[in-house]
Amino acid sequence: MSEINDYQTPEEAALASIFCEILNLDRIDPDVGYLDLGGNSISLYLILEKVKERYAIDLDPQLFFKRETSSLRELAIAIARQTAVLF
């Protein structure tokens, strides 16, 4: 598992905090997929709500279920892209 200082961006660190809170984890590897972390549709709803509160964006829920976009690192990139468009 990765340590907190392994997160490469503020979005990764913030999303890791959200994942840990919702999924009841101490820490997560940013390259592990959402489903592999124990995520499900209920936790996804809670995570999407937290992301919306923090970033004022609606992340596409499909991202969490596609292997190539479901890791914390890839989801953080999606957040960064969406917020960059807003500002």
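The figures follow:
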| quantity | calculated |
| --- | --- |
| Nonlocal amide H pairs with Ser71, under 5 Å, H built at 1.01 Å | Tyr34 |
| Neighbour-count order for Phe19, Phe65, fewest beta carbons within 10 angstrom listed first | Phe65, Phe19 |
| Extension gain, Glu21 back to Ile57 (0.36 nm per residue minus Cα-Cα distance, nm) | 11.0 nm |
| Tail beyond 16 Å, pair distance distribution of the chain (Cα, percent) | 45 |
| Neighbour-count order for Asp36, Asp58, fewest beta carbons within 10 angstrom listed first | Asp58, Asp36 |
| Per-residue HN-Hα couplings for the range 34-39 [Karplus 6.51, -1.76, 1.60; θ = phi - 60°; Hz; x = Gly/Pro] | 4, 5, 5, 7, x, x |
| Separation of the Ile42 and Arg67 label points, Cα + 7 Å toward Cβ, nm | 2.8 |
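Every number in this text was worked out from the coordinates using simple rules, so none of it is lab data. Small disclaimer: the values here were computed from a predicted structure and weren't measured. When we count neighbours, we look across all protein chains shown, and the Cβ atoms used for this are built from the backbone with ideal geometry, even at glycine.
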